[in-house]
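All remarks here apply to the structure that follows.
The values are calculated or read from the model by the stated rules, or taken from the named source; none is laboratory data. Everything numeric in this text was worked out from a predicted model, so none of it was measured. All Cβ positions, glycine included, derive from the backbone under ideal geometry; neighbour counts span all protein chains shown. Surface accessibility is based on the protein's heavy atoms, side chains included, excluding ligands, DNA and RNA. Shrake-Rupley method; radii C 1.70, N 1.55, O 1.52, S 1.80 Å.
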Amino acid sequence: QNQKLVSFYNVDIEECLSSLNKQSELFYRIFPQKVEAGDRKTDTFKWIMTRTVDGSKKFAPRELIHLLTSSTSKQITRFETGLPEPPEEYLYVGYAFKEGLEEVSEVRLNQTLLPEYPQFRTLILKLKEQRTRQTRLNLSELWKTDPEETDSNIKALIEIGLFEARNIKGDEYFWIPFIYRDALGMIQGTAELDD
């Protein structure tokens, strides 16, 4: 509905609103095809959706809106500071989304999750600077808990969406969703105990 954008992209509003294909075409005229470079990297729309969901895999519109708003702010700052403009007719570079996600992650962790579940604050904060995929044994060592208490903690963190249980080649892992990773300063990969 933004008349400047409608004019710039020469959009027929009625036609666009009545066609999912036209909406997708317009989306990829405004946004880059991918946030991160690489053949195996996901396209921008999927990247946005997977970065704004927690371990329950439920999408919260507020996180999606926050990511787009924050990314827009980051892109405007890039324009104002003289960084290279997006190529072609894009309004954004992929990096603006990565910077926007950092802000969304901080807010989601510190203004939503921790205030709503203060009883898990210590457990959650012990995950800072840890790996994004945890094992039951590693969590037990990290939290200094016995197996029964570790299982109880894991179950609780799955219920609040901080963990997603995954099974890879018969091994169970507890995966931390993208939305919490920046705020926790996490490192990509699987946690391994030191020998």
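Kindly indicate whether Leu114 is in contact with a helix residue (DSSP H, G or I) (Cβ under 6 Å, 6 or more places away or on another chain), surrounded by fewer than 16 Cβ atoms within 10 Å (Cβ to Cβ) and without any contact (Cβ under 8 Å) to a residue 60 or more places away in the chain.
Working: in contact with a helix residue (DSSP H, G or I) (Cβ under 6 Å, 6 or more places away or on another chain): yes; surrounded by fewer than 16 Cβ atoms within 10 Å (Cβ to Cβ): yes; without any contact (Cβ under 8 Å) to a residue 60 or more places away in the chain: yes.
Judged against the criteria, Leu114 is a match.
Pairing each residue of region 1-27 that is aliphatic (A, V, I, L, M) with any residue that is open to solvent by 100 Å² or more (accessible area, probe 1.4 Å), provided the two are 6+ apart or on different chains, yields C-beta distances under 8 Å for Ile13/Gln1. So which residues in region 1-28 are assigned to a loop (DSSP other than H, G, I, E, B) and either farther than 28 Å from Lys98 by Cα or in contact with a helix residue (DSSP H, G or I) (Cβ under 7 Å, 6 or more places away or on another chain) (or both), if there are any at all? Result: Tyr9, Asn10, Val11, Asp12, Ser18, Ser19. Would you confirm whether or not region 35-46 contains a residue that is hydroxyl-bearing (Ser, Thr, Tyr) and either touching a His at 6+ places or on another chain (Cβ under 7 Å) or closer than 18 Å to Phe178 by Cβ (or both)? Among the residues of region 35-46, at least one is hydroxyl-bearing (Ser, Thr, Tyr) and either touching a His at 6+ places or on another chain (Cβ under 7 Å) or closer than 18 Å to Phe178 by Cβ (or both), which makes the answer yes.
Reported count of residues in region 41-77, each being surrounded by fewer than 18 Cβ atoms within 10 Å (Cβ to Cβ) and free of Cβ contacts under 8 Å to residues at least 60 places away in the same chain, is 18.
Filter region 29-40 down to the residues that are within 27 Å of Phe8 (Cα to Cα) and either assigned to a strand (DSSP E or B) or free of Cβ contacts under 8 Å to residues at least 40 places away in the same chain (or both) and list them by number. Explain how you work it out, then say what you get.
Within region 29-40, the first condition is being within 27 Å of Phe8 (Cα to Cα), and the residues that meet it are 29-37.
Once the filter is applied, which keeps residues that are within 27 Å of Phe8 (Cα to Cα) and either assigned to a strand (DSSP E or B) or free of Cβ contacts under 8 Å to residues at least 40 places away in the same chain (or both), region 29-40 yields Gln33, Lys34.
Quick check on my filter: what residues within region 30-40 are closer than 18 Å to Glu88 by Cβ and open to solvent by 80 Å² or more (accessible area, probe 1.4 Å)? Within region 30-40, Gln33, Ala37 qualify. Identify the residue in region 172-195 that is outside any loop (DSSP other than H, G, I, E, B) and exposed (fewer than 11 other Cβ atoms within 10 Å of the Cβ) and, among all such residues, is modelled with the highest pLDDT. Going through the qualifying residues, I end up with Gln188. Among the residues making up region 4-21, a single one is open to solvent by 90 Å² or more (accessible area, probe 1.4 Å), farther than 19 Å from Glu89 by Cα and polar (S, T, N, Q): Ser18.
Any residue in region 101-119 that is aromatic (Phe, Trp, Tyr) and under 22 Å from Val6 (Cα atoms)? Taking every residue of region 101-119 in turn, none turns out to be aromatic (Phe, Trp, Tyr) and under 22 Å from Val6 (Cα atoms).
Residue pairs, Cβ under 9 Å, 6 or more apart or interchain, first in region 126-150 and more than 17 Å from Met186 (Cα to Cα) and open to solvent by less than 80 Å² (accessible area, probe 1.4 Å), second assigned to a loop (DSSP other than H, G, I, E, B) and not aliphatic (A, V, I, L, M). List them. Once the first residue is more than 17 Å from Met186 (Cα to Cα) and open to solvent by less than 80 Å² (accessible area, probe 1.4 Å) and sits in region 126-150, its partners that are assigned to a loop (DSSP other than H, G, I, E, B) and not aliphatic (A, V, I, L, M) give Ser140/Asp146.
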